[in-house]
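Chemist: Quick one: this structure, given as structure tokens, is what I'll be asking you about.
The values are calculated or read from the model by the stated rules, or taken from the named source; none is laboratory data. Please read these numbers as outputs of a predicted model, since none were measured by experiment. Heads up, the Cβs are rebuilt from the backbone with ideal geometry, glycines too, and the neighbour counts pull from every protein chain shown. Note: areas computed on protein heavy atoms with side chains; ligands, DNA, RNA excluded. Shrake-Rupley method; radii C 1.70, N 1.55, O 1.52, S 1.80 Å.
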Amino acid sequence: MVVAAAAARVWGASRGLGRAGLPLLRLLGARGLARSHPHWWQRQQHFSSLDDKPQFPGASAEFIDKLEFIQPNVISGIPIYRVMDRQGQIINPSEDPHLPQEKVLKFYKSMTLLNTMDRILYESQRQGRISFYMTNYGEEGTHVGSAAALDDTDLVFGQYREAGVLMYRDYPLELFMAQCYSNASDLGKGRQMPVHYGCRERHFVTISSPLATQIPQAVGAAYAAKRANANRVVICYFGEGAASEGDAHAGFNFAATLECPIIFFCRNNGYAISTPTSEQYRGDGIAARGPGYGILSIRVDGNDVFAVYNATKEARRRAVAENQPFLIEAMTYRIGHHSTSDDSSAYRSVDEVNYWDKQDHPISRLRHYLQSRGWWDDEQEKAWRKQSRKKVMEAFEQAERKLKPNPNLIFSDVYQEMPAQLRKQQESLARHLQTYGEHYPLDHFEK
């Protein structure tokens, strides 16, 4: 190239280079490059079309000579792993987790207690006692099966329909109620809307409303656990609707490239509020996305608590041992409305809901299993239903009687030292209540 530049200066100044001189410059330039980089020139002639292999850094693949687009569903559908059928019978004995009676009974009691709490708090909201609620009907198996497969110190990032995970970790009914009633016993000091639970002691990160924000946060926590060699996994729950958010893409990609010990647990319950899965995506669900990010993935029957347990337990073992992410898509059905702000009869039929409620409910399936083993009978069922309802009602009545948190707590726990602007707002509120306090139910709040 130096020779070519020199020729341009000489010829351009004395004779005028013109178009005729361009081929000469190209030739001089190529010869100069060949002299300085001889291997480049040789490589261009060394390969034949038969033994040429792709060297692109962005993919591992082979060349083909036929124009063909990849089909969205390269197989008939990712299979759904299950352990027991709808009658509670183990299909393949080698997949039976062989759990002791005591543990399986805890599964069942956690699921049914959650169901009872849901019914009472749902009716409580309908009566105007609390402002909002979200039930877990039909998805109890995904909560309990996954929670049971984790270590107690594994960190949980929930969305807003994972109360069963806390239930299995023995979170007290009194604290469930305190959070929904925003009373003085609420660990969040009344600042969150109902069902946004959190508990540091049980390693359950406080739920936040914005959809899918917990996904990249969970990946960050898993990366920190990896760097600390904590022998700990992070599990992140979300629905198939949240998987349409950009945060899901960011989380999946970071987890794969940073090789984080995390389990992405997707509850595919059929609806993103009112949007059915047929309008959510065109690919084969959420599990099909995993391989595209380099994530090991599996699809399980979410109404089969043993299938959920087995998949989560194996994913947890390998995530910690191998420092890599896993994606579990649990296929289930949201029997209840999305929330108390939703009326699902506007977008789905009663017959559809009844089918899942009566024919394929995770609680019914586990009860069949227990009865076939002789571990449960109708008398025990009747006694437990009565006992569990009594426990929930006692916690419910206690929560209603408690005072609300002191209003000054809305200003605390954000800054170590309160800024002047925030202090000014606090003083303004105090003056306002002193002047107009008679118009507020201040006797319902702690002093």
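Chemist: Any residue at all in the range 197-211 that's touching a residue at least 24 places away in the same chain (Cβ under 8 Å), open to solvent by 10 Å² or more (accessible area, probe 1.4 Å) and touching a Cys at 6+ places or on another chain (Cβ under 7 Å)?
Modeler: no
Chemist: Could you list all residues from the range 341-369 that are in contact with a Pro (Cβ under 9 Å, 6 or more places away or on another chain) and more than 24 Å from A248 (Cβ to Cβ)?
Modeler: R348
Chemist: Cβ-Cβ under 8 Å, sequence separation 6+ or interchain: first residue in the range 426-442 and surrounded by 10 or more Cβ atoms within 10 Å (Cβ to Cβ), partner of a type in the set (F, W, Y). Which pairs?
Modeler: Final answer for the pair search is Q426/F411; L433/Y440.
Chemist: Which of the residues that make up the range 113-138 are surrounded by 24 or more Cβ atoms within 10 Å (Cβ to Cβ) and among the small types (G, A, S)?
Modeler: Result: G138, single match.
Chemist: Can you confirm whether the range 337-350 contains a residue that is open to solvent by 20 Å² or more (accessible area, probe 1.4 Å), of a type in the set (A, V, I, L, M, F, W, C) and not assigned by the TED database to the domain that holds L113?
Modeler: yes
Chemist: Anything in the range 395-407 that is farther than 30 Å from T116 by Cβ and outside any helix (DSSP H, G or I)? List them, or say none. Can you show your working first?
Modeler: Applying the first criterion (farther than 30 Å from T116 by Cβ) to the range 395-407 yields 406-407.
Passing the criteria: only N406.
Chemist: Related question: Kindly list, by first and then second residue, each pair from a residue in the range 104-118 that is over 18 Å from G302 (Cα atoms) to a residue that is of a type in the set (D, E, K, R) and surrounded by fewer than 20 Cβ atoms within 10 Å (Cβ to Cβ), limited to pairs with Cβ atoms under 7 Å and residues at least 6 apart or on different chains.
Modeler: Short answer, once both residue conditions are applied: T116/R389.
Chemist: Please tell me if R373 is in the same structural domain as T277 (by the TED database), open to solvent by 40 Å² or more (accessible area, probe 1.4 Å) and under 27 Å from Y160 (Cα atoms). Steps first, please.
Modeler: Details: in the same structural domain as T277 (by the TED database): yes; open to solvent by 40 Å² or more (accessible area, probe 1.4 Å): yes; under 27 Å from Y160 (Cα atoms): no.
For R373, the condition - in the same structural domain as T277 (by the TED database), open to solvent by 40 Å² or more (accessible area, probe 1.4 Å) and under 27 Å from Y160 (Cα atoms) - is not met.
Chemist: Would the range 91-100 turn up any residue that is under 26 Å from the mean Cα position of the chain (by Cα), of a type outside the set (D, E) and buried (at least 23 other Cβ atoms within 10 Å of the Cβ)? Walk me through how you get there before you give the answer.
Modeler: In the first step, residues of the range 91-100 are kept if they are under 26 Å from the mean Cα position of the chain (by Cα); the result is 95, 97.
Next cut, of a type outside the set (D, E) only: 97.
Of the ones still in play, those that are also buried (at least 23 other Cβ atoms within 10 Å of the Cβ) are none.
Within the range 91-100 (the criterion being under 26 Å from the mean Cα position of the chain (by Cα), of a type outside the set (D, E) and buried (at least 23 other Cβ atoms within 10 Å of the Cβ)), the answer is no, since none of the residues qualifies.
Chemist: Only residues that are open to solvent by 60 Å² or more (accessible area, probe 1.4 Å), small (G, A, S) and touching a residue at least 12 places away in the same chain (Cβ under 8 Å): list them for the range 218-260, please.
Modeler: S244, the sole residue that qualifies.
Chemist: Go through the range 395-418 and count every residue that is free of Cβ contacts under 8 Å to residues at least 24 places away in the same chain and either under 22 Å from E174 (Cβ atoms) or touching a strand residue (DSSP E or B) at 6+ places or on another chain (Cβ under 6 Å) (or both).
Modeler: Residues in the range 395-418 being free of Cβ contacts under 8 Å to residues at least 24 places away in the same chain and either under 22 Å from E174 (Cβ atoms) or touching a strand residue (DSSP E or B) at 6+ places or on another chain (Cβ under 6 Å) (or both): 2 in total.
Chemist: Does at least one position in the range 139-147 carry a residue that is surrounded by fewer than 24 Cβ atoms within 10 Å (Cβ to Cβ) and modelled with pLDDT of 95 or more? Outline the logic, then answer.
Modeler: Keep residues of the range 139-147 that are surrounded by fewer than 24 Cβ atoms within 10 Å (Cβ to Cβ), which gives none.
There is no residue in the range 139-147 that is surrounded by fewer than 24 Cβ atoms within 10 Å (Cβ to Cβ) and modelled with pLDDT of 95 or more.
Chemist: To continue, here is another question. Looking only at the range 408-447, count every residue that is in contact with a helix residue (DSSP H, G or I) (Cβ under 9 Å, 6 or more places away or on another chain) and part of a helix (DSSP H, G or I) and tell me the total.
Modeler: Of the residues in that region, 11 qualify.
Chemist: Another question, if that's okay. Looking at (1) open to solvent by less than 10 Å² (accessible area, probe 1.4 Å); (2) within 25 Å of the chain's Cα centre (by Cα), which is the one condition that is false for D170?
Modeler: (1)
Chemist: Are any residues in the range 382-417 surrounded by fewer than 10 Cβ atoms within 10 Å (Cβ to Cβ) and of a type in the set (S, T, N, Q), and if so, which ones?
Modeler: Hit for the range 382-417 is Q416, nothing else.
Chemist: Testing E314 on (1) assigned by the TED database to the domain that holds A255; (2) surrounded by fewer than 13 Cβ atoms within 10 Å (Cβ to Cβ); (3) without any contact (Cβ under 8 Å) to a residue 60 or more places away in the chain, one condition comes back false. Which one is that?
Modeler: Going through the list (1) assigned by the TED database to the domain that holds A255; (2) surrounded by fewer than 13 Cβ atoms within 10 Å (Cβ to Cβ); (3) without any contact (Cβ under 8 Å) to a residue 60 or more places away in the chain, E314 breaks only (2).
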